[in-house]
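S.K.: Sharing a structure with you now.
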Amino acid sequence: NLFDNQKSLKPFQSSTTIDTLEEFGSTFGFFFNQGSAAERLVSDPIVWKDIVSKLKENDFKDCSILPGGNAALMGNRFANLGVSVLLGGPVGDSL
């Protein structure tokens, strides 16, 4: 588990940028607890590698890989509702 050696993450609170694993867990706990989306910069490359390596170790088990960015996510939601969507700009293979 990514947080095995970390202090308690509660109460959840939002951080503007992510500098530690505690901030990562607390920030996303804050938003996910409300059912909200969150986008934050992970400013420490070591913390970022820790997060990604844990996902890779588990072959992204129980994860949904979706196109990033609000425009793409909103476009997918509208398309699921039957709306014709046209997005301009670079997109990845999964869109």
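S.K.: Consider only pairs whose beta carbons are under 9 Å apart and that are at least six residues apart or on different chains; among these, list those whose first residue lies in the range 49-63 and is under 17 Å from GLY25 (Cα atoms) and of a type in the set (Lys, Arg) and whose second residue is surrounded by 11 or more Cβ atoms within 10 Å (Cβ to Cβ) and modelled with pLDDT under 80.
M.R.: Pairs found: LYS54/LEU2.
S.K.: Taking the residues in the range 25-47 that are at pLDDT below 90 and in contact with a helix residue (DSSP H, G or I) (Cβ under 9 Å, 6 or more places away or on another chain) as candidates, determine which candidate is least open to solvent (accessible area, probe 1.4 Å).
M.R.: Selected residue: ALA38.
The values are calculated or read from the model by the stated rules, or taken from the named source; none is laboratory data. Computed from a prediction, not measured in an experiment: that's the story for all the values here. Heads up, the Cβs are rebuilt from the backbone with ideal geometry, glycines too, and the neighbour counts pull from every protein chain shown. Protein only, heavy atoms only, side chains kept; ligands, DNA and RNA dropped before computing areas. Shrake-Rupley method; radii C 1.70, N 1.55, O 1.52, S 1.80 Å.
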